[in-house]
1. For the chain, modelled as a Gaussian network with Cα springs under 10 Å, which listed residue fluctuates most, Gly230, Gly278, Gly86?
2. How much length, in nm to one decimal, is gained on full extension between Asp377 and Asn19, taken as 0.36 nm per residue of separation minus their Cα-Cα distance?
3. Using all C-alpha to C-alpha distances in the stretch 206-346, build P(r) with 10 Å bins and read off the rounded percent in each one.
4. Which three semi-axes in whole Å describe the equivalent ellipsoid of the stretch 119-246, each the square root of 5 times a Cα gyration tensor eigenvalue, listed largest first?
5. Could you state the number of Å between the C-alpha centres of the stretch 73-135 and the stretch 151-182?
6. Please compare each pair in Lys37/Lys312; Lys38/Lys312; Lys37/Lys152; Lys37/Lys290 to a cut-off of 22 Å on the Cα-Cα distance and tell me which ones are over it.
7. So if I average 1/r over every pair of distinct C-alpha atoms in the stretch 328-396 and take the inverse, what Kirkwood radius in Å does that give?
8. Under the definition of Cα pairs under 8 Å and six or more residues apart, what whole-number percent is the relative contact order of the stretch 269-316?
Amino acid sequence: MNAQRIDVSGLHRRSGALNLAALPPLALYVHLPWCLKKCPYCDFNSHEAARGVEQEARYLDALRADLEAALPLVWGRRVVSVFIGGGTPSLFSPEAIERLLADVRALLPLEPGCEITLEANPGTFERERFRAFRAAGVTRLSVGVQSFDDAKLKALGRVHDRAQAVAAVEEAQDAFETFNLDLMYALPGQTLAALDADLRQALAFAPPHLSVYHLTLEPNTRFAVEPPPGLPDEDLAAAMLDRIAERSAAAGLERYEVSAYARPGHRCRHNLNYWQFGDYLGIGAGAHGKLSFAHRILRQTRWRDPATYMAKALEGAAVSNEHEVAAADLPFEFMLNALRLREGFELARYGERTGLPLTTIQRALQQAEARGLLERDLQRAWPTARGFDFLNDLQQLFLA
């Protein structure tokens, strides 16, 4: 642990190619890796496992040790948001979440009104459980519904049904001033009419925030090896996305990011920090982090296997690997995030967050404009409607 700290502290002193005048906002991501059942489309670091009270306590011990060892990297910096993801974090007891947040508050200064999000699945729902998470200090719940159609939920390998999904969202409504509802589209056998039914049910809850994701066949998942039958073609999937944007807007939800829709005042602050190329400390099994210093930007990864992570973290060595981001890679990394936002980014923020002059992306900006993928003025650049539809093409213009 000491060698790790000494090596990293040098980042504050050594000169390099970058020149960051000020550090960006800092967020905290906490990964809880267990779930009831691994979904066939999921490529996150999640593990089916029977968890007991002793394992839960040991994991919390490991998270605290991980955070303590990371403190020299973030001395004096206040945390703007906390996101507890997984896995299925709502498998952990409200008492465990309360202990976790108490440890976080004891070790890190949180901004007043700090957003604290917990991911929850309807399959772990029981009455008053969400209210107990609210009492434990969680301020925002993200409910992974995915669909309200029992047949589609079965095709996705979800452990909950429509009735549980409805009950979970109703409880989230009662317990939280703000919450997110996750939906998926382009599901096996899904038609526009079936999507409309999901949207009607979701929007009937008047969610403050809605996240909508296209089902994709990610590598290293069961669906990649055995694709489900009846997946919608590209034209139907595009029509579905148009329908989602249209119905969400009519319900008062603004599409502020490729997959995110929100009512005024309910944008996800944690995700906004990612998209604006802010910093985040990631703790927990397999967690990633990005931390800026005056002359360098560091990326870290924790040990992926939960048992290995716990053992290593308790030894003060939770980080499995880390590297400094090459200056040549920063334009693409910045744009990969910033161009996901409908409003794009302030041109001055590019220099503030990367430490590079705007001239390093001038040619790519001109190419994007010429292809009708991007517009800009003296202060800001943003994707056009065409750029939003062909986001990968737009982002790839900024590859080294």
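1. Of Gly230, Gly278, Gly86, the most mobile in the Gaussian network model is Gly230.
2. Numbers: separation 358, 0.36 × 358 = 128.88 nm, distance 2.48 nm.
Difference between extended and current length: 126.4 nm.
3. With 10 Å bins starting at 0, P(r) equals 10, 25, 31, 27, 7, 0.
4. Details: eigenvalues 143, 54, 31 Å².
Here the semi-axes work out to 27, 16, 12 Å.
5. 19 Å
6. On the way: Lys37/Lys312 26 Å; Lys38/Lys312 25 Å; Lys37/Lys152 16 Å; Lys37/Lys290 30 Å.
Exceeds cut-off: Lys37/Lys312; Lys38/Lys312; Lys37/Lys290.
7. On the way: mean 1/r = 0.0850 Å⁻¹.
With all distinct Cα pairs of the stretch 328-396 included, I get 11.8 Å.
8. Numbers: 58 pairs, mean separation 12.9, N = 48.
In percent, rounded to a whole number, it is 27.
Every read-out reported here was derived from the displayed coordinates using simple, explicitly stated rules and does not represent laboratory data. Only a predicted model underlies this, so the values are computations on that prediction, with no experimental measurement involved. Neighbour counts run over all protein chains shown; Cβ positions are idealised from the backbone, glycine included.
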